[in-house]
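Colleague: Below you will find the structure I want to go over with you.
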Amino acid sequence: MEAVTESNDGHLVCFSQNEDTSIKVQQAAIWEMMPKEFKKKTKSIEGYINYSMQNGFTAKSFIFPDTRTRVDFKTYTQYSNNQTILEGFEFGFPDANGLNVGAWLDEYLGDASLVNTLRFRLATRDAKMGIGFTPIDGYTPFVAEYLKDVETLKTRTGVLIDKEVPIKQYSPSRDASVVYLHSDENPFGGYERIAKDLRGRPEEEILVRAYGIPVKSMTSLLPLFNTEVNVLNDEPNKYGMSFPDISDQHRYTCYQVVDPAGARNYVAIWAAVNEKGDVYIRKEWPDRDYYGEWAVFGDPKWRYGPASKKIGYNVQGYVDLFEEMEDDIGIEVFERIGDSRYFAKENSDNDDLFTEFDDCGMTFIPSDGRMEEIGISAIDEWFSYNPNVPIDSANRPRCYVHEDCGNLIDSLINYNASGKADEPLKDFFDIIRYLRMANGGDGPDHVLSRSMMTTRIGSGY
């Protein structure tokens, strides 16, 4: 309404989930904020306002008399049924005197299609778009694009968790601001009740409900995977956990998992397990920091990113690469696991990858061939803990990932087995699944050198 009353000859569009929420939420909010002197039925050549609480604005539109600015109300269903409804329109103001807003998308759960269409309709008038999103059920892949590599510009102390929380961020991938609306700054009240209800709740729930900060993907198959809990580096996190030195062969047994591809790079991870069964994934290849993203969210589905572009290594090239990486992190691999189907494919010389790698001095065993659903359930067990009580030695997940494994982390957050739309995320998800299903589905074993030796007791062995 501020934009509507400040500038002339504008055109704004407001989108809501459906007609009911458009009337009861969006249109009611606009009417509430309309200047008092215009809250009446108005019909003239340059203005039209006709509103009722039951039906909202007549024809789902009004024209503000003083500025001749039109505001239209539409729904996401209308756009999905007919994507031409915005053709020919320019949104925003040709000569803005103040706020130049051309579109408002409330509670947006869609992909990039509508937003990208509106961007072009806003560009001719250099107008802005506001997109509202409530992250209680998690964030969508589209919202994840805005959160990727954000730069925090302004913070304040979140009283309920006693730590800094963001107010404003900049999203370089979308050239947009990300603004968080905190419950204690809500002018419509209710904060005291919210604060009382959240007392003693997990930090992730407080971040979402009190500060509007998304903490998980809406579509994730691993709802308890949390970057604040499961992603570690060399510095202790707030739970006192840091990534251990897995080069200690007495305390950790190391594994490598490889998933080959014909048209893309192979993908690989290196992990270690201790005697308690805790699993620490230390390295990935191709790593996100150097090679870029393996999977990039597009419109309307994920696509392969720069890290997947084939470098052209042959088997010996991969052996040399893997050995160099293992030297860098100072580990000795106890067991290597390869995708059972692809490794078993024969080439023109009637050799398979098991044979070719073995000929180059690197032995792989086949991955477990059971159905994907079994592996997903097993991975879920690795990340399972009770988020409603403090994390300690008894209540904690069993699997942790080093922050350097950015492509694996992306896959764990976003993969949801929705077919071809998620295909690029599947590669890194598959290799942690192969790791989880090692040892007949029990997961990787901690093995000491003496475990492989024969011990003589009396006259027997």
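The values are calculated or read from the model by the stated rules, or taken from the named source; none is laboratory data. Remember, it's a predicted structure, so these values are computed and weren't measured experimentally. Reconstructed Cβ throughout: ideal geometry from the backbone, glycine too, with neighbour counts over all protein chains shown.
Colleague: Return the residue satisfying two criteria in turn: it lies in the range 142-179 and is hydroxyl-bearing (S, T, Y) and within 20 Å of the chain's Cα centre (by Cα), and of such residues it is surrounded by the most Cβ atoms within 10 Å (Cβ to Cβ).
Modeller: Residue satisfying both the conditions and the ranking: Y146.
Colleague: Let me ask something else about it. How many residues are touching a residue at least 60 places away in the same chain (Cβ under 8 Å), out of contact with any strand residue (DSSP E or B) (no Cβ under 8 Å at 6 or more places or on another chain) and of a type in the set (G, A, S) when one looks only at the range 200-248?
Modeller: Total satisfying the criteria: 3.
Colleague: Continuing with the same structure: Name the strands (runs of 3 or more DSSP E) wholly within the range 26-72 that hold at least 3 residues that are farther than 17 Å from V13 by Cα?
Modeller: So the answer is 42-44.
Colleague: Out of (1) without any contact (Cβ under 8 Å) to a residue 24 or more places away in the chain; (2) under 15 Å from V401 (Cβ atoms); (3) not hydrophobic (A, V, I, L, M, F, W, C), what's the single condition that is false for R288?
Modeller: Of everything listed in (1) without any contact (Cβ under 8 Å) to a residue 24 or more places away in the chain; (2) under 15 Å from V401 (Cβ atoms); (3) not hydrophobic (A, V, I, L, M, F, W, C), R288 misses just condition (1).
Colleague: Given the condition touching a strand residue (DSSP E or B) at 6+ places or on another chain (Cβ under 6 Å) and acidic (D, E), answer yes or no: does some residue in the range 337-348 qualify?
Modeller: yes
Colleague: In the set P94, P135, which member is within 30 Å of L207 (Cβ to Cβ) and either in contact (Cβ under 8 Å) with a residue 40 or more places away in the chain or among the β-branched types (V, I, T) (or both)?
Modeller: One residue alone meets the criteria, P135.
Colleague: While we're here: Report those strands (runs of 3 or more DSSP E) wholly inside the range 293-342 carrying at least 1 residues which are among the charged types (D, E, K, R) and either touching a Pro at 6+ places or on another chain (Cβ under 8 Å) or crowded, with 19+ Cβ neighbours inside 10 Å (or both).
Modeller: Counting at least 1 such residues, we get 302-304, 333-338.
Colleague: Would you confirm, using the coordinates I've provided, whether Y342 is assigned by TED's automatic domain parsing to the domain that holds V267 and under 20 Å from the mean Cα position of the chain (by Cα)?
Modeller: So Y342 does not fit the description; no.
Colleague: Do you know which residues across the range 345-378 are within 35 Å of the chain's Cα centre (by Cα), hydroxyl-bearing (S, T, Y) and surrounded by 14 or more Cβ atoms within 10 Å (Cβ to Cβ)?
Modeller: Listed by number, the list holds a single entry, S367.
Colleague: Pairs please, first residue from the range 366-395 and modelled with pLDDT of 90 or more, second anywhere and hydroxyl-bearing (S, T, Y), Cβ atoms under 7 Å, 6+ apart in sequence or on different chains.
Modeller: P366/S340; S367/S340; S367/Y434; D368/Y434; N395/Y385
Colleague: Which one is nearest to T69 (Cα to Cα), of the residues in the range 116-147 that are polar (S, T, N, Q) and assigned to a loop (DSSP other than H, G, I, E, B)?
Modeller: T124
Colleague: If H446 passes every condition in (1) at pLDDT 90 or above; (2) within 16 Å of I281 (Cα to Cα); (3) assigned by TED's automatic domain parsing to the domain that holds F334 but one, which one does it miss?
Modeller: For H446, the exception is condition (3).
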